[in-house]
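The values are calculated or read from the model by the stated rules, or taken from the named source; none is laboratory data. From a predicted model like this one, the values you see are computed outputs, not experimental measurements. Note that we place each Cβ from the backbone using ideal geometry, even for glycine, and neighbour counts take in every protein chain shown.
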Amino acid sequence: MDLLLIYQNSDIVDVLHSRYYVEGIIFGAGVSPEIPMPDVWLPWAIKHHGQMQNNQQADVITDVLFDYFKYCLQQMKDNAQSIPNYGVFEDDSDKWGVSSPLSQWLQGLLTAHSSMEPVWQNAWQLMQDKSPNNAPVLAKKLKHSLGMFSTFADVELAIEQAKKRGQMDFENKLSSIAPSLPDAFNTYVSISGELASYLPNQFETFVQTPV
């Protein structure tokens with residue numbers, strides 16, 4: 001499942017951020033240790049809040065995005081999550097702009113992570129209180145995953161920062177680093193799941209909310 005169909009409607013395209021960015025945002029919201037309600041993450045997807053034509057259009061957008069959110073949750077519950085098929089690193093400097101599908105998706109994921117930072121910190125604190133020995137390893141893994149996301153969310157910036165650190169050959173290593181991105185993504189999801197174990201079971205209570 002993806003959001004391609006809704007983006008074929010030109011009126012809706014004008015209201016929302018790009019499809020790849022929004023799909024990243026929604027997955028990022030769903031992978032949070034504590035699942036947020038729609039009123040938290042829906043505004044992140046909307047580019048122009050004042051351009052909704054009517055309540056019917058707003059309902060269509062909300063329903064489609066919420067269905068995709070539930071799809072992402074189910075993917076993670078089934079341990080079947082993956083970076084979208086379009087999330088492929090192009091080993092071509094002409095395609096390294098922040099507008100590539102992979103970059104946009106990762107930008108959305110990082111936007112959600114940043115917005116949900118208090119939730120991550122709260123779960124992290126509970127984990128440290130109960131299982132402090134787990135913290136160093138998880139911290140290292142989480143830092144690595146987020147570093148990978150940041151690198152491929154803005155490759156040119158990552159290269160510039162690497163050169164400032166003296167890593168002059170970083171650009172040449174990108175094609176060999178990129179295949180590890182799915183592993184970093186799965187690690188990120190796994191860490192969230194572990195942190196969520198220190199919180200009430202948000203998934204069950206969320207999907208069973210009465211209509």
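Do the conditions hold for S150, that is, is it over 19 Å from Y21 (Cα atoms) and of a type in the set (S, T, Y)? No; evaluated as a whole, the condition is false for this residue.
Within segment 20-39, being surrounded by 15 or more Cβ atoms within 10 Å (Cβ to Cβ) and either free of Cβ contacts under 8 Å to residues at least 24 places away in the same chain or touching a His at 6+ places or on another chain (Cβ under 6 Å) (or both) holds for one residue alone: G28.
One line per residue, one yes/no per condition, for (1) aliphatic (A, V, I, L, M); (2) surrounded by 15 or more Cβ atoms within 10 Å (Cβ to Cβ); (3) touching a Lys or Arg at 6+ places or on another chain (Cβ under 9 Å); (4) within 19 Å of G24 (Cα to Cα):
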residue: G87; (1), (2), (3), (4): no, yes, no, yes
residue: L110; (1), (2), (3), (4): yes, yes, no, yes
residue: W124; (1), (2), (3), (4): no, yes, no, no
residue: P136; (1), (2), (3), (4): no, no, no, no
residue: E156; (1), (2), (3), (4): no, no, no, no
residue: K163; (1), (2), (3), (4): no, no, no, no
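Restricting I35, I26 to those that are within 24 Å of T187 (Cα to Cα), part of a loop (DSSP other than H, G, I, E, B) and of a type outside the set (K, R) reduces the list to I35. Could you check, for segment 57-64, whether at least one of its residues is assigned to a helix (DSSP H, G or I), touching a residue at least 40 places away in the same chain (Cβ under 8 Å), surrounded by fewer than 23 Cβ atoms within 10 Å (Cβ to Cβ) and touching a Gly at 6+ places or on another chain (Cβ under 9 Å)? Checking segment 57-64: not a single residue is assigned to a helix (DSSP H, G or I), touching a residue at least 40 places away in the same chain (Cβ under 8 Å), surrounded by fewer than 23 Cβ atoms within 10 Å (Cβ to Cβ) and touching a Gly at 6+ places or on another chain (Cβ under 9 Å). Scanning segment 180-191 turns up at least one residue that is part of a helix (DSSP H, G or I), modelled with pLDDT of 90 or more, more than 15 Å from the chain's Cα centre (by Cα) and closer than 17 Å to I83 by Cα.
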